[in-house]
Amino acid sequence: MDRMPKTKEEIERLIVADLQSFLDCERALRVVVVPIVDHTQGATWTVSCFHAGKSDGEACDRALQHIVPRFQRVYELVCKH
């Protein structure tokens, strides 16, 4: 299955929206998506860090462990000019 092309900012917005749907992550503010240079495993990006805001940081970290691999299978990081 081909992945949908998305910019860094688009992927970040999608992840934060999904993250905020998890218990104790409703107030998460931000994630930072970075490209993976050696993407032989298939993923072209990952989340390097996040800002939990007033949410539980550990809960957000656990949620991201589920969100990121799922989104990596669906979205390809691209640069749109």
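The values are calculated or read from the model by the stated rules, or taken from the named source; none is laboratory data. Source: prediction; values computed, not measured. Reconstructed Cβ throughout: ideal geometry from the backbone, glycine too, with neighbour counts over all protein chains shown. With ligands, DNA and RNA removed, areas are computed over all heavy atoms of the protein, side chains included. Shrake-Rupley method; radii C 1.70, N 1.55, O 1.52, S 1.80 Å.
Using a probe of 1.4 angstrom, how much of the accessible area of the chain is carbon and sulfur, in percent?
Carbon and sulfur together cover 54 percent of it.
Would you please state the base-10 log of I(q)/I(0) at q = 0.12 1/Å for the chain, with intensities from the Debye formula using one equal scatterer on every alpha carbon?
-0.32
At 222 nm, what value in deg cm²/dmol follows for the chain if DSSP H runs of at least 4 each add -39500 (n - 2.57) and the sum is divided by all its residues, to the nearest 500?
-12000 deg cm²/dmol
Which aspartates and glutamates, on any chain, are close to residue 80 with Cα under 20 Å apart, when same-chain ones fewer than 8 places away are left out?
Qualifying aspartates and glutamates at Cα under 20 Å: 2, 9, 10, 12.
In a shell of Cβ-Cβ distance under 11 Å around residue 26, excluding residue 26 itself, what net charge do Lys and Arg (+1) and Asp and Glu (-1) give?
Net local charge, residue 26 excluded: 0.
In whole Hz, what ³J(HN,Hα) sequence does the range 12-25 give by Karplus (6.51, -1.76, 1.60; θ = phi - 60°), x for Gly and Pro?
4, 4, 5, 5, 4, 4, 5, 4, 5, 7, 8, 4, 6, 10
Given an 8 Å cut-off on Cα distances and at least 6 residues of separation, report the relative contact order of the chain as a percent.
Relative contact order for the chain comes out at 41 percent.
Sequence-distant or interchain residues sharing an amide H contact under 5 Å with residue 46, placed H: which?
34, 36
How much FRET efficiency would the formula 1/(1 + (r/R0)^6) give for residue 65 and residue 27, where r is the Cβ-Cβ distance and R0 is 22 Å, rounded to 0.05?
For R0 = 22 Å, the calculated efficiency reads 0.70.
About its Cα centre, how strong a charge dipole does the chain have in debye, to the nearest 20, once Lys and Arg get +1 and Asp and Glu get -1 at the Cβ?
180
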